[in-house]
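Note sheet for the following structure.
The values are calculated or read from the model by the stated rules, or taken from the named source; none is laboratory data. Worth saying up front: this structure is predicted, and the values here are computed from it rather than measured. Methodologically, a virtual Cβ is constructed for each residue, glycine included, from the backbone with ideal geometry; neighbour enumeration extends over all protein chains shown.
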Amino acid sequence: MAKENTIALREPVEVNVDGAKVSLQEVRLRRPKGRDMLIFDKHRGESGADAGFAMVVATVAAVTGLTFDEASDMDAEDLIEISEQAVDFFPKGKSPDQPAE
């Protein structure tokens, strides 16, 4: 499986690059690493209405290189698509929230 995937955004998101605002039309998604799984676990244990959203945003930020704030400014459909693509990096039948055997 590929180590990276480029995803065209439905709605561009503005990010800071060297102090200047840049409108991103696409993001590069890399395979999640162990440290990304730690971020996932950290937010999975949170409770409240925003906990699930925070977990998605944190995961998207981690695998795209965006900041949490930049990722949280993304269109909801883009966030969902990116998080679904991130799950595709995992072996079939496994997801990051399944306990280890």
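Observations on the structure shown:
- Residue count for the range 47-87 under the criterion of being modelled with pLDDT under 75 and either among the charged types (D, E, K, R) or in contact with a Cys (Cβ under 8 Å, 6 or more places away or on another chain) (or both): the result is 1.
- Any hit, the range 23-46, residues being part of a strand (DSSP E or B), over 18 Å from Q85 (Cβ atoms), hydrophobic (A, V, I, L, M, F, W, C) and modelled with pLDDT under 90: no
- Members of the range 1-16 found to be in a strand (DSSP E or B) and either in contact with a strand residue (DSSP E or B) (Cβ under 9 Å, 6 or more places away or on another chain) or hydroxyl-bearing (S, T, Y) (or both), listed by number: E4, N5, T6, I7, A8, L9, P12, V13, E14, V15, N16
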